[in-house]
Amino acid sequence: MIGLRALAKALKPLERRLAQAVLRAVVDAVDDERRLQLVQVSALHGEVQDGVERWQQYGFTSHPHPEAEAVLLAVGGQRSHAVAIAVDDRRYRLVGLERGEVAVYDDQGQYLVLRRDRIDVFGKKLTVAIEGDADVTVGGNLTAQATSVEVSALLDATVQAAGAVQVRAGGAATVEAAGSAKVQAGLDVEVKAGGAAKVEAIALVEILSAFGITISAPNITLQALAAIAINAPQVLIQGLTNYSAHKHGGVTSGSAQTGTPT
């Protein structure tokens, strides 16, 4: 029979391997040029391990800063074959989330937070590139506020609403398209600008409303190579100083009131 002391001695190497199977470390450097990210870490007693594979969740990746903290798993209990299964950085973690909330963040204070009742996005600059079509559907109100707003289309540009369409600017209001420019509303169409109001298209300029159309600005330009169509029971154009079209395919209104062109 094997005595308890002999058994304990025989199991001692296995005990050491199990004790070292999971360990904490500090990230020293990151190699993000590989298909699988590699990190250099400092573990217990200043032990440095280089070329440690960092396993991340599919579809998510990050490049941690030096001095981030890692959890290593020694595969088969072999310290020489350790992999990093988690990396975190307490210096930058977004805190104060409610139960069930989720966040993506970085060290610059940029974040995307899935709140309980909304989604918060904050960043220095936002760039969105869509290769195909993009559809945006809002059940409530949509508000866009900026120092300058530009909408550009290579072909047709269409603004359509079941209610009223309003374009208001303290400076210039410009709609420009390489194809047709069309504004259509089930109620009123209103364009007001403190500077110049301009609608320009290579093909057709069309403004349609079931009720009234109001265009008010110190300088107004409606220009198209094909035709300009303004159709509503009531049309009010104030401050008209520039009206240009190669063809007037149809300018109609139920009750037109316009200023005097100059």
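The values are calculated or read from the model by the stated rules, or taken from the named source; none is laboratory data. In this text, all values refer to a predicted model and were calculated from it rather than measured experimentally. Ideal geometry is used to build each Cβ from the backbone, glycine not excepted, and the neighbour counts take in all protein chains shown.
Where residues in the stretch 107-161 are modelled with pLDDT of 85 or more, surrounded by 10 or more Cβ atoms within 10 Å (Cβ to Cβ) and β-branched (Val, Ile, Thr), which of them is farthest from Leu97 (Cα to Cα)? This residue is Val121.
Against the list (1) at pLDDT 80 or above; (2) of a type outside the set (Gly, Ala, Ser); (3) in a strand (DSSP E or B); (4) surrounded by 14 or more Cβ atoms within 10 Å (Cβ to Cβ), the condition Tyr92 fails is (3).
In this structure, Val71 qualifies as out of contact with any Phe, Trp or Tyr (no Cβ under 6 Å at 6 or more places or on another chain) and not in a loop (DSSP other than H, G, I, E, B). On the stretch given as the stretch 74-89, residues that are assigned to a loop (DSSP other than H, G, I, E, B) and charged (D, E, K, R) total 1. The residues on offer are Thr174, Thr143, Thr137, and the sole one that is outside the structural domain of Gly100 (by TED's automatic domain parsing), touching a residue at least 12 places away in the same chain (Cβ under 8 Å) and among the polar types (S, T, N, Q) is Thr174.
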